[in-house]
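Single-structure report; data block below.
Throughout, read-outs are computed from the coordinates displayed, never taken from laboratory work. Quick caveat, the model's predicted, so the values are computed rather than measured. Cβ coordinates were reconstructed from backbone atoms using ideal geometry, including for glycine residues, and neighbour counts include every protein chain displayed.
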Amino acid sequence: MSGKRQDYISWDEYFMGVALLSGMRSKDPNTQVGACIVSQDNKILSMGYNGFPKGCEDDEFPWERDGDANETKYPFVTHAELNAILNYRGGSLEGAKIYVALFPCNECAKAIIQAGLKTVVYACDKYADTAATLASKRMFRAAGVELVEYLHTGREITLEV
Ligand SMILES: O=c1[nH]c(=O)n([C@H]2C[C@H](O)[C@@H](COP(=O)(O)O)O2)cc1CO
Ligand SMILES: [Zn+2]
């Protein structure tokens, strides 16, 4: 018996926790998405959340869901997964895993596959029935990307020390 602490968080809780914490930076009033990219030997390589590109101010661009296409957030918002991939400046992401709050859409799936990521761990799949998600799953299956649903442990974590 080494006397080590027993209630430390697991790797999955750690990386999904970082993904969810990143999502808390999002200004999207409806859906906050965070992503965390992890190497095969469990080192965090990058993070991202859904937001407008640099220079596109949160107070000037629309966060609406409905209306004329360019009056909504959809043409402008960069998805969490793409931001996490683009935020990485260290070289190759080949073989890495991505932890993400929401199942990636088809556009993110393309970026994930082409960046060489091999595993997607997702916490929520609320748009499972949409064409984008079905296309995404088809591409992931074809490309051999492993899809893992995050098992919620019910652990609550606060930022207070
Ligand atoms: O893979 C994704 N990654 C991601 O960051 N998002 C973002 C884009 C939007 O800001 C938000 C979705 O908005 P809504 O649920 O209101 O349609 O989540 C959405 C998806 C999948 O839809
Ligand atoms: Zn996406």
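Using the Karplus relation 6.51 cos²θ - 1.76 cosθ + 1.60 with θ = phi - 60°, the per-residue 3J(HN,Hα) values for segment 52-66 come to 6, x, 3, x, 9, 6, 4, 8, 10, 8, x, 9, 5, 9, 10 Hz, with x marking Gly and Pro. For MET47, the residues whose amide H sits under 5 Å from its own are ILE37, ignoring neighbours fewer than 5 places away on the same chain, with H placed 1.01 Å from N. Other residues within the sphere of radius under 11 Å centred on the Cβ of ASN50, judged by their own Cβ, net out at +1 (K and R +1, D and E -1). Legend: ranking of residues CYS105, CYS124 from fewest to most surrounding C-beta atoms inside 10 Å; resulting order CYS124, CYS105. The mean sequence separation of alpha-carbon pairs under 8 Å and at least six residues apart, normalised by the residue count of segment 30-102, gives a relative contact order of 44 percent.
Each of ASN42, LEU159, PHE76 was placed along the dipole of segment 20-161 (beta-carbon charges, centred on the mean Cα), and the one lying farthest toward the positive end is ASN42. The convex hull drawn around the Cα atoms of the chain, when projected onto a plane and averaged over every direction, covers 12.0 nm².
Subtracting the Cα-Cα distance of TRP63 and MET139 from 0.36 nm times their residue separation leaves 24.5 nm of extension gain.
For segment 1-107, which trypsin sites (Lys or Arg not before Pro) pass both filters: DSSP loop (anything but H, G, I, E, B) and at most 15 other C-beta atoms within 10 Å? When the trypsin sites (Lys or Arg not before Pro) of segment 1-107 are filtered for loop state and at most 15 Cβ neighbours within 10 Å, LYS4, ARG5, ARG25, LYS27, LYS43, LYS54, ARG65, ARG89 remain.
Taken along the Cα-to-beta-carbon direction at a fixed 7 Å, the label points for LEU86 and LYS126 span 2.4 nm.
Taking amide hydrogens as placed 1.01 Å from N in the peptide plane, the amide H of PHE52 sits under 5 Å from those of THR78, each at least 5 positions away in sequence or on another chain.
Under a model in which nothing but the beta-carbon of Lys, Arg (+1) and Asp, Glu (-1) is charged, the chain shows a dipole of about 720 debye around its Cα centre.
Note that segment 149-161 has calculated 3J(HN,Hα) couplings of 7, 5, 8, 5, 9, x, 5, 9, 10, 10, 8, 6, 10 Hz, one per residue in order, obtained from phi through the Karplus relation 6.51 cos²θ - 1.76 cosθ + 1.60 (θ = phi - 60°); glycine and proline are x. Rounded to the nearest 5, the antiparallel percentage of DSSP beta bridges internal to the chain is 55%. Taking the number of Cβ atoms within 10 Å of each Cβ as an exposure proxy, the fewest-first ranking of HIS79, HIS152 is HIS152, HIS79. Our Cα-only numbers for segment 65-115 put the radius of gyration and Dmax at 13.1, 40 Å.
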